[in-house]
Amino acid sequence: MKQEEIRELEEFCKESRRLTVKQIASLGLGHIGGSLSMVELLAVLYKKCMHVDPKNPQMEGRDRLVLSKGHCGPGLYTVLAQMGFYPVEELYTLNQPGTILPSHVDMRKTPGIDMSTGSLGQGLSCGAGMAKAAKILGDDAYIYVIVGDGECQEGQIWEAAMTASQYCLDNLITFVDVNRAQCDGWIDEIVNMRRMKDRWEAFGFYAQEVDGHNVEQIYEAVEKAKGTKGVPNVILLNTVKGKGFHTFESLGAKCHHIPVSKEMEEQALAELA
């Protein structure tokens with residue numbers, strides 16, 4: 001990737017973080033930690049990797065994204081708005097009456113959302129089904145699924161992983177947002193998920209591990225995954241919950257679903273500036 005492309009992506013990420021904070025602050029609370037930890041991934045996917053059309057969100061043969069950790073919808077809503085799926089002004093209707101942007105993603109309401117999620121553990125099953133369907137149709141679509149590391153404590157994740165491996169779904173690329181925290185605290189203190197890469201490899205996946213805030217590493221990993229045939233892929237993203245703002249990063253495992261006051265918004269945006 002050229003340096004100019006990297007700079008453009010980094011600027012896109014900076015704007016995504018600004019809009020995400022403003023969006024959640026407009027409501028007064030929300031899932032800000034996990035929304036901010038996946039910004040670079042979403043930027044790379046929508047700007048460099050995915051075959052989608054904002055003017056035709058239901059386009060046949062498009063690539064699809066399943067945000068299995070559906071409570072982090074605000075982060076995805078921001079990127080979809082930046083890409084032109086709907087006006088940026090819609091962001092400030094988050095979870096309000098009549099909004100197209102509910103707190104958890106809903107494919108019936110929001111242009112660009114390919115699967116309704118929020119009940120953790122189910123998204124990878126949906127993604128595996130989409131990948132199998134794409135194989136049957138022969139449309140060359142890639143299916144991208146984002147799961148949380150805390151979500152990987154759900155048994156259904158591993159049932160889906162076995163299915164993806166059984167059917168050799170090499171058009172399925174899963175991302176694990178390894179921010180090491182969940183709503184109840186630090187991952188290791190609840191159910192230890194160490195040696196995550198070994199776990200996925202044991203289930204038949206080709207696994208890579210990268211810095212989840214480095215756009216170049218993410219892009220190269222996606223390209224390598226696309227070149228790996230016969231097995232499903234997983235990319236482990238080492239990230240920080242609330243990334244980009246000391247106001248939120250300093251909360252650690254407590255930065256999950258939190259109040260975001262006008263003062264916190266101002267402090268965060270001043271940091272970004």
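The values are calculated or read from the model by the stated rules, or taken from the named source; none is laboratory data. The structure presented is a predicted model; accordingly, all values stated were derived computationally and were not measured. All Cβ positions, even for glycine, are placed from backbone atoms using ideal geometry, and neighbour counts span all protein chains on display. Only protein heavy atoms, including side chains, enter the accessible area calculation; ligands, DNA and RNA are left aside. Shrake-Rupley method; radii C 1.70, N 1.55, O 1.52, S 1.80 Å.
Of the residues in the range 68-87, not one is basic (K, R), in a helix (DSSP H, G or I) and open to solvent by less than 40 Å² (accessible area, probe 1.4 Å).
Given the criteria in contact with a helix residue (DSSP H, G or I) (Cβ under 7 Å, 6 or more places away or on another chain), on the phi < 0 side of the Ramachandran plot and open to solvent by 10 Å² or more (accessible area, probe 1.4 Å), does P97 qualify? For P97, the condition - in contact with a helix residue (DSSP H, G or I) (Cβ under 7 Å, 6 or more places away or on another chain), on the phi < 0 side of the Ramachandran plot and open to solvent by 10 Å² or more (accessible area, probe 1.4 Å) - is not met. The residue that is surrounded by the most Cβ atoms within 10 Å (Cβ to Cβ), among those in the range 222-250 that are within 15 Å of the chain's Cα centre (by Cα) and under 22 Å from G127 (Cβ atoms), is V234.
Highlighted here are the helices (runs of 4 or more DSSP H) found entirely within the range 187-266 that include at least 3 residues which are without any contact (Cβ under 8 Å) to a residue 24 or more places away in the chain: 196-202, 215-226.
For Q217, the stated conditions do not hold, so it cannot be described as surrounded by 18 or more Cβ atoms within 10 Å (Cβ to Cβ), of a type outside the set (D, E) and under 13 Å from G150 (Cβ atoms). Checked against the criterion of being in contact with a helix residue (DSSP H, G or I) (Cβ under 9 Å, 6 or more places away or on another chain), over 29 Å from S16 (Cβ atoms) and surrounded by fewer than 17 Cβ atoms within 10 Å (Cβ to Cβ), the candidates Q166, Q156 yield just one match: Q156.
Quick test for you: out of A253, A181, A207, pick the one residue that is open to solvent by less than 20 Å² (accessible area, probe 1.4 Å) and over 18 Å from the mean Cα position of the chain (by Cα). Step by step, each of A253, A181, A207 is checked, and only A253 is open to solvent by less than 20 Å² (accessible area, probe 1.4 Å) and over 18 Å from the mean Cα position of the chain (by Cα).
Considering V176, V145, V105, the condition of being modelled with pLDDT of 95 or more, open to solvent by less than 10 Å² (accessible area, probe 1.4 Å) and part of a loop (DSSP other than H, G, I, E, B) is satisfied by V105 alone. Number of residues in the range 5-20 that are surrounded by fewer than 17 Cβ atoms within 10 Å (Cβ to Cβ) and either more than 15 Å from E271 (Cβ to Cβ) or modelled with pLDDT under 95 (or both): the value is 6. Give L91, L120 a once-over and let me know the one that is in a loop (DSSP other than H, G, I, E, B) and buried (at least 20 other Cβ atoms within 10 Å of the Cβ). The match here is L120.
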